[in-house]
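Visitor: Please find one structure pasted underneath; my questions will follow.
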Amino acid sequence: MISSKDFFLALEALDTQKRITKEMFLEALEQALVIAYKKHSGQAKAVEVRLLPDTNRIKMFAYQTVVEEPEDTEKQISLEDARLLSRKYKVGDKISEEIHSKEFGRIAAQTARQVIMHKLRDVETEMAMGELSQKEDEIITAVVRRVDGKNAFVEINKLEASLSERDQLPSDRFNVGDKVKVYVKKIKQGFKGPQLAVTRTNAGFVRRLFENEVPEIGQGIVVIKAIVREAGQRTKMAVYSEDSQVDAVGACVGNRGTRVNSIVSELDGEKIDIIPWCDDPLEYIARSLSPAKVVMVQAIDESKYAKAIVADDMLSLAIGRDGQNARLAAKLTGWKIDVKPYSSLKKEELALEEAEAMANQELDTGNAFATDLDLGDLDDIGLDVVDGVVLEVVEEVMVADDIISEEVLGDLSLEELEDIVLE
């Protein structure tokens, strides 16, 4: 029998503060005591624990269950053997024997303390996991507990998470005790408990910042249709509202830019382009290249390839540093976008006009020659005339009692052909 007032006080604390019920504890304690009893006595009898809170005592009993034919003789006893002890026993009864050993009492007390601590850790982990499972894909304010080189380790609900260099903004600098907002990418149960993957570079981080900052997004009045990001540099976000009375972009920007500026401050100056979403792909592509103004967009739907034409002085703005603006626009829309200056379009149009003019000139020359010929004579020799243009024949014809084959005709110039026809 264990006597300990502190034990019962701790048990009460578990029930009220940590939400660990006595039943949960007793189940774990009994399992632990079975192992302890077996090691101590060399027997594997079942152990029953009885709490006596009025006297601050715990009684322990080793027992066997009465059965017709025992399969486990250490935990079961036959009805025949049980009735040798007492005629009142029947199948299903338990024959108990209180454990009085002082040595085992000390072992039991130590086991109880260990079970309490282990159960406490398990329940705290389960509670933390339950609370955190609802925080996946959310923003949490964490506290920096230590910094190791370029890695920072933050605490969330008494759990530690690593904020690696690749998950930090280029300008992030942390000190122990700093509070920092992080985006929870993934929560999984690891060997040592819940493991959290957090970041500040994910596009979801900016999405959640806007959802928290802009009430219209939280209420579903304004919808973020797409968002892409190159952390620390630029974010592009397309927004939309089915309510024609609501300015989706204006709601995100806020009065005098207060809302978007708050988010830019959290991102340490990262540029944010907010554009109105559109179901017309050409218009959407043009808007996606903001802040550049697009003159026109030519697209091939089958291959999702688009050519965006911008004014010459807008070319560098449309492409962006190292192609970043055009690259993000392509990711936002899902189209491959080729940005061209307006001058190159004019050059292409001029070249096309010149090619058409040359083709027309050659056509006119052919027409003039056909007009000078006697078209009836051409029919006699098997030449075809289409729109006034002489075509080569693919059959043999007779001219001036000579056989002229297709190969010969193919080698003749127009002047030589004219001489033959006119003879």
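Laboratory data are not the source of any read-out in this text; all were calculated from the coordinates shown. Keep in mind it's a predicted model, so treat the numbers as computed, not measured. Every residue, glycine among them, receives a Cβ derived from its backbone with ideal geometry; neighbour counts consider all protein chains shown.
Visitor: Right, residue 359: without any contact (Cβ under 8 Å) to a residue 24 or more places away in the chain, surrounded by 20 or more Cβ atoms within 10 Å (Cβ to Cβ) and of a type outside the set (Ser, Thr, Tyr) or not?
Guide: Details: without any contact (Cβ under 8 Å) to a residue 24 or more places away in the chain: yes; surrounded by 20 or more Cβ atoms within 10 Å (Cβ to Cβ): no; of a type outside the set (Ser, Thr, Tyr): yes.
Taking the combined requirement at face value, the residue does not satisfy it.
Visitor: Any chance you could count how many residues in the stretch 64-87 are closer than 20 Å to residue 100 by Cα and crowded, with 17+ Cβ neighbours inside 10 Å?
Guide: In the first step, residues of the stretch 64-87 are kept if they are closer than 20 Å to residue 100 by Cα; the result is 64, 74-75.
Cutting the leftovers down to crowded, with 17+ Cβ neighbours inside 10 Å gives us 64, 75.
Within the stretch 64-87, residues that are closer than 20 Å to residue 100 by Cα and crowded, with 17+ Cβ neighbours inside 10 Å number 2.
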